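The next block holds one structure in the form of structure tokens; read it before the comments.
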Amino acid sequence: MTSPNRVTLFYAPQTRATGMRVLLEEIGAPYDLHVLNMKVGEQRQPAYLAINPLGKVPAIRHGDALVTEQVAITIYLADLFSPGGLAPALDDPLRGPYLRWIAYYGSSFEPAVVDRFMQREPGPAEMSPYADYDTMLGALEAQLATGPYLLGDRFTAADVLWGIALNWTVNFGLVPKTDVFVRYAERIAARPAFQRVEQADAAMAAEHAAAVGG
């Protein structure tokens, strides 16, 4: 029987769920993986659609709580398992900036990157959730330039979210390879938690590909 203190992470390798596994490793939270082979469409089966009707990972179950969306999961896990550590406390002056940049990821960066990848023009600035791509990215770069982490010298759960995202988007050419972005992504990727998950993901992805091929 699973302990009520353990987190179940609904997971697929080399997806947005990777960052949430890295976060669990960073905070040392007890967790189990419920792995979905997305190459054979397990995320679209009724059993998982009952967890997340969008058929997306990550999602987590913790006791009676079911949480989807990277931003929500990041806040939930860091507050629950690392209060005052990877999550600034409610009365910490960094709490506001911490929440701002976590929200910025979901509300501005992701829509902008998807539009860029799909080669879609954003709507008018007054309607677009991110104004325009260059403005959105410029604000992020200016913040990261204060480094070494998003909030200066303090490493937080927000860095896990952003480090994984920039590692992928810089490598795929969706974000320019400026010194600020490259060095930040490399700094996060060098952390032991990231390295452990990256190695495990590579092995798991190979297994999934072999299952499809077989």
Selection over region 12-46 where residues are over 17 Å from ALA65 (Cα atoms) and either free of Cβ contacts under 8 Å to residues at least 24 places away in the same chain or not in a loop (DSSP other than H, G, I, E, B) (or both) yields a count of 19
Being touching a Phe, Trp or Tyr at 6+ places or on another chain (Cβ under 7 Å) and surrounded by fewer than 21 Cβ atoms within 10 Å (Cβ to Cβ) narrows it down to one of ARG120, ARG116, ARG183, so name that one.
-> ARG116
Take the residues of region 115-172 that are of a type in the set (S, T, N, Q) and over 17 Å from the mean Cα position of the chain (by Cα): which is farthest from GLU186 (Cα to Cα)?
-> SER128
Residue among ILE102, ILE60, ILE75 that is in contact (Cβ under 8 Å) with a residue 12 or more places away in the chain, among the aliphatic types (A, V, I, L, M) and not in a helix (DSSP H, G or I) | ILE60
Selection status of VAL67, touching a residue at least 24 places away in the same chain (Cβ under 8 Å) and either closer than 20 Å to ALA158 by Cα or part of a loop (DSSP other than H, G, I, E, B) (or both) | no
Can you tell me which residue within region 1-38, out of those that are over 17 Å from the mean Cα position of the chain (by Cα) and charged (D, E, K, R), is modelled with the highest pLDDT?
-> ASP32
For region 171-179, does any single residue satisfy the condition of being outside any loop (DSSP other than H, G, I, E, B) and farther than 25 Å from GLU69 by Cα?
-> yes
Does VAL57 qualify as being closer than 29 Å to MET136 by Cα, touching a strand residue (DSSP E or B) at 6+ places or on another chain (Cβ under 6 Å) and surrounded by 13 or more Cβ atoms within 10 Å (Cβ to Cβ)?
-> yes
List pairs: first in region 138-159 and at pLDDT 95 or above and crowded, with 16+ Cβ neighbours inside 10 Å, second part of a strand (DSSP E or B) and not charged (D, E, K, R), Cβ under 6 Å, 6+ apart or cross-chain?
-> PHE155/TYR149; ALA157/ALA87; ASP159/TYR149
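Residue-by-condition table, conditions (1) aliphatic (A, V, I, L, M); (2) in the same structural domain as GLN14 (by TED's automatic domain parsing); (3) farther than 30 Å from ASN37 by Cβ:
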position	(1), (2), (3)
GLY55	no, yes, no
LEU66	yes, yes, no
VAL71	yes, yes, no
LEU99	yes, no, yes
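The values are calculated or read from the model by the stated rules, or taken from the named source; none is laboratory data. This is a predicted model, so every value here is computed, not measured. Methodologically, a virtual Cβ is constructed for each residue, glycine included, from the backbone with ideal geometry; neighbour enumeration extends over all protein chains shown.
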